[in-house]
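Before any comments, here is the structure.
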Amino acid sequence: MLVVGEPQAALQAKNYHPMIAVAGFGAMAVFGGFVALAARGTAFGWVMAALAVILGTFGVLVGRWAESITPRTVTIDPSIAGLRFVARRGTRAIFPVTAVLGLLPAVVSLVFELGGTPVAQQFSIGRWGPYGLGLLSLGWIVAQLVSLRTPPGLTITDRGLRGARGDRRVDLRWEELARVDVAGGDRGAKLLLSPVGCLPITIEPRWLGSDPNVVAPIIRHFLENPADRPLLAEPGAAIQRVEHALAAR
């Protein structure tokens, strides 16, 4: 934890209320559950039950994703040589789990179709909707597999920065990095890396498992103090060096 200095941007924006979305998914899950009970024993009822499970689980995962960052703290992977800010495994699994769950209604519908019991009429959304959701989920699963080429989180070594997941992949040598900032967004603070002569790279803090108000001054210190970069092989020593430097100002 870095306790020196004031936050540059609020970790969560005042007008960002993720629990509203969680409550919405919960309400839809309950409604789907009631419909499933009313149509119990039918193919449609089982599909609605599967959809209720998806909506309820997605609501829980959205809440966990939104609340996965604690102000003024960082999460570090101790298993590598270097300083890696990374979300915990449970948080990183949220999107793959959600994508796989999206296949559930299509699987249920297909089982009934093969058994000779269609979910609904031939040209209705009730019959083809589950398959549409399944195709979207398959596309999402493929995207998740492709993203595995990018190391999770942001790894900082004496050579530079690489990793992160989201909008853009980070692979920068120190001499290619011009600035490090914290930017406020519609949901809250984000890490902003500005490469030389290129558009800034914005990183959602939940991929880092860390508060950008803490991550930014750590990166900035090693950007401005090349002689200290060998310390990055020992994360504890690296962060302690930054704390001492900031306290001395």
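The values are calculated or read from the model by the stated rules, or taken from the named source; none is laboratory data. From a predicted model like this one, the values you see are computed outputs, not experimental measurements. Using ideal geometry, Cβ is built from the backbone for each residue, glycine included, and neighbour counts are taken over all protein chains shown. The area values use the complete protein model at the heavy-atom level, side chains included, leaving out ligands, DNA and RNA. Shrake-Rupley method; radii C 1.70, N 1.55, O 1.52, S 1.80 Å.
For segment 42-109, give the magnitude of the charge dipole about the Cα centre (Cβ charges: +1 Lys/Arg, -1 Asp/Glu; no others), in debye to the nearest 20.
240 debye
Quote the charge dipole size of the chain about the Cα centre in Debye, to the nearest 20; the model charges only the Cβ of Lys and Arg (+1) and of Asp and Glu (-1).
On the way: 24 positive and 17 negative charges, 48 e Å.
So the magnitude is around 240 debye.
In degrees between 0 and 90, to the nearest 10, how far off the longest principal axis of the chain does helix 235-247 point, with axes built from Cα atoms?
Here the helix axis deviates by roughly 60 degrees.
Which of these values of semi-axes √(5λ) of the Cα gyration tensor in Å was calculated from the structure shown: (i) 28, 23, 17; (ii) 25, 22, 17; (iii) 45, 18, 14?
Answer by label: (iii).
Where the centroid of each part is defined by its Cα atoms, how far is segment 100-115 from segment 176-225 in Å?
43 Å
Take the Cβ-Cβ distance between Ser79 and Val146 as r, set R0 to 30 Å, and report the resulting FRET efficiency rounded to the nearest 0.05. Spell out each step's value before the answer.
Details: r = 24 Å, r/R0 = 0.79.
The formula returns an efficiency of 0.80 here.
Rolling a 1.4 Å sphere over the protein heavy atoms, what is the accessible area per residue of the chain, to the nearest Å²? Intermediate results must be reported in sequence, preceding the final value.
Numbers: 13290 Å² over 249 residues.
Each residue of the chain exposes 53 Å² on average to a 1.4 Å probe.
Mind checking the angle between helix 212-224 and the chain's longest principal axis? C-alpha axes, 0 to 90 degrees, to the nearest 10.
With both axes taken from Cα atoms, the answer is about 40 degrees.
Nearest 0.05, what FRET efficiency do Leu135 and Leu199 give at R0 = 30 Å with Cβ-Cβ as r?
Efficiency, from the Cβ-Cβ distance: 0.35.
Between 0 and 90 degrees, rounded to the nearest ten: what's the tilt of helix 43-66 against the longest Cα principal axis of the chain?
10 degrees
Given a Förster radius of 30 Å and the C-beta distance between Arg72 and Ala23 as r, what FRET efficiency does 1/(1 + (r/R0)^6) yield to the nearest 0.05?
That pair, Arg72 with Ala23, gives E of 0.60.
Along the charge dipole of the chain, pointing to its positive end and built from +1/-1 on Cβ of Lys, Arg, Asp and Glu, which listed residue (Leu231, Ala93, Pro78) has its Cα farthest out?
Checked the options; the winner is Ala93.
Sort 236-245, 216-225 by packing, meaning the average of other beta carbons within 10 Å per residue, with the highest value first.
Result, highest mean first: 216-225, 236-245.
Carbon and sulfur atoms: what percent of the 1.4 Å accessible area of segment 15-162 do they account for?
71 percent
Using the Cβ atoms and a cut-off under 14 Å, what net charge is assigned to the surroundings of Tyr16, where Lys and Arg are +1 and Asp and Glu are -1?
Neighbourhood net charge equals +1.
Using 0.36 nm times the number of residues separating Ala245 and Ala233, minus their current alpha carbon distance, what extension gain do you get?
Using 0.36 nm per residue and subtracting the Cα-Cα distance, I get 2.5 nm.
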